[in-house]
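Read-outs throughout are calculated quantities, based only on the coordinates presented, and are distinct from any laboratory measurement. In this text, all values refer to a predicted model and were calculated from it rather than measured experimentally. Don't worry about glycine lacking a Cβ; one is built from the backbone with ideal geometry, like all the others, and counts go over all protein chains shown.
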């Protein structure tokens, strides 16, 4: 199957720092979660794919258009991309509707009738249908976050790229945004720190660390890497990556040698992620 | 008392507006005194779907800043005016132009023997500050705007033209208001064009006011060292060449992959 987007040997350097080592990824249809610690290169990867940032090396394609090629091809690719950066600083004085209207013009919606209808459509999608005339400064943090997502939805893009879209949302808003994102575009790439979002929403997980892809597979495949390695019992496992006392008074241990009277429990995406990170740190310690 | 009620065919005709005026008046007089018919009337009232939605659509639709509204009638595309008027940036830009021109008049008038120096230092920068002000309000949205398909060159030229439409006449007027400026009244034009283009090029990397700061500092340096030479033909040709070169750089910066805002 032809991928919706692909990166071939793409890397990004800032002076002497390498934010992303040469990376090749194909993105098919579905929701893809990007996990990784702060500074792992998640935002760099998303910005490269969104065309906000040029790569130092490599080739990026979106819907058959080479982003890293000529100007015309890049513009054509941009018509198929919706992107929400990690932080959107809204200009002073703009209303929610005015902000989306401005972005819609930048997305080549020329006729005001169709454009205003599209703005109303995306406002309703993020549950801000009745907030259009409000100044952005008067919206709550969660509402501003949803407004930032709404601008990416203008024109129903094929590829939706969202950098931590669920940050600052309460559980209900997160669930509602998940519902929206699961059908918002052919391919949705989201970076997040919320491992529950990945478990609930994503067909595929990519774990990035130190500017390299450490894991790329389905959620069950990620969970399989932690199967049999998470235990619960009266005492912590020896050498566990993380342990904590649960509400029942028993201790949950991720990794390590299990205590004799503990039992194996099903791992969560978070457990698998913590184990991957620990292995990564161990490898780095051995090689350095 | 006669007990009669408006019958279904009469209601239908009334609702459609096809009753003759006398019958219509009779229905209305009756309904005013008959609760039963008032209740029945609701079933024949034309449905009003979407009325509230239409009202809401009208009140939420953003209006263009007042100074831009007449331009629609001149045939300028509404989308272009949305870009120019975003976040009221153009109103600020025009205010900066007028304030800058007034401040220049004041400074040039009070400068006495250093009138020429004051004029050359300040006046060419007025259009620069006005153009930069037109970009400042939406600068924070670069990360969102950059990956949109719109031509960044077109946006830059639209904003700059809108700013200069007021800034150039306001600046040119200084030469006519302040006496004794002689040939200086036209000397500022080419350097100012170069400075505006330099600010636009720098703005593809830097925030608007930082770009303005760099351009202003360079200009102050140039004027302090060679201000007496600026009205020579050679100097003017040099500024024209510089402006042409910067225009080429601006086109390249907004169309090649080394994107503006890629910091």
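For this structure, a couple of remarks:
- Shielding score for A:50-56, defined as the mean number of other chain Cβ atoms within 10 Å: 5
- Peptide A:113-120 - average C-beta neighbours from other chains (10 Å radius): 2
- Cα gyration tensor shape for chain B, rounded if a/c is under 1.5, else prolate or oblate: prolate
- Inter-site label distance for residue A:176 and residue B:72 at 7 Å from Cα along Cβ, in nm: 3.2
- Taking B:24, B:143, B:53 in turn, the Gaussian network model of chain B (Cα-Cα springs below 10 Å) assigns the largest fluctuation to B:24.
- Placing R0 at 30 angstrom, the Cβ-Cβ distance between residue B:229 and residue B:173 gives a FRET efficiency of 0.70 after rounding to 0.05.
- Helix A:112-125 axis, angle to chain A major axis (alpha carbon atoms, nearest 10°): 20
- For the protein assembly as shown: rounded, prolate or oblate by the Cα gyration tensor [a/c cutoff 1.5]: oblate
- For the stretch A:98-228: rounded, prolate or oblate by the Cα gyration tensor [a/c cutoff 1.5]: prolate
- Degrees separating the helix A:171-181 axis from the principal Cα axis of chain A, which is the longest one: 60
- Average other protein chain Cβ within 10 Å of Cβ, residues A:94-100: 5
- As a length-normalised measure over Cα pairs under 8 Å and 6 or more apart, the relative contact order of chain A settles at 19 percent.
- Between residue B:3 and residue B:247, the modelled label-to-label distance comes to 9.0 nm, taking each label 7 Å out from Cα in the direction of the beta carbon.
- Sorted from longest to shortest, the spans of the Cα atoms of the stretch B:10-52 along the three principal axes equal 32, 24, 14 Å.
- Here the Gaussian network model covers chain B, with springs between Cα atoms less than 10 Å apart; of B:200, B:237, B:122, B:237 fluctuates the most.
- Remark: the residue B:217-residue B:238 segment gains 5.6 nm on full extension, using 0.36 nm per residue and subtracting the alpha carbon distance.
- Extension reserve of the residue A:257-residue A:238 stretch, reckoned as 0.36 nm per residue once the Cα distance is removed: 6.4 nm
- Extended-chain gain in nm, criterion 0.36 nm per residue less alpha-carbon gap, residue A:13 and residue A:135: 40.1 nm
- Nearest-ten-degree value, helix B:125-136 long axis tilted from longest Cα axis of chain B: 40
- Most mobile of A:76, A:66, A:172 in a GNM of chain A (Cα contacts under 10 Å): A:172
- Beta bridge orientation in the protein assembly as shown: antiparallel %, DSSP, nearest 5: 65
- Separation in nanometres of the label points that stand 7 Å from Cα toward Cβ, at residue A:225 and residue B:16: 7.3
- The distance separating the Cα centre of the stretch A:178-241 from that of the stretch B:70-148 comes to 50 Å.
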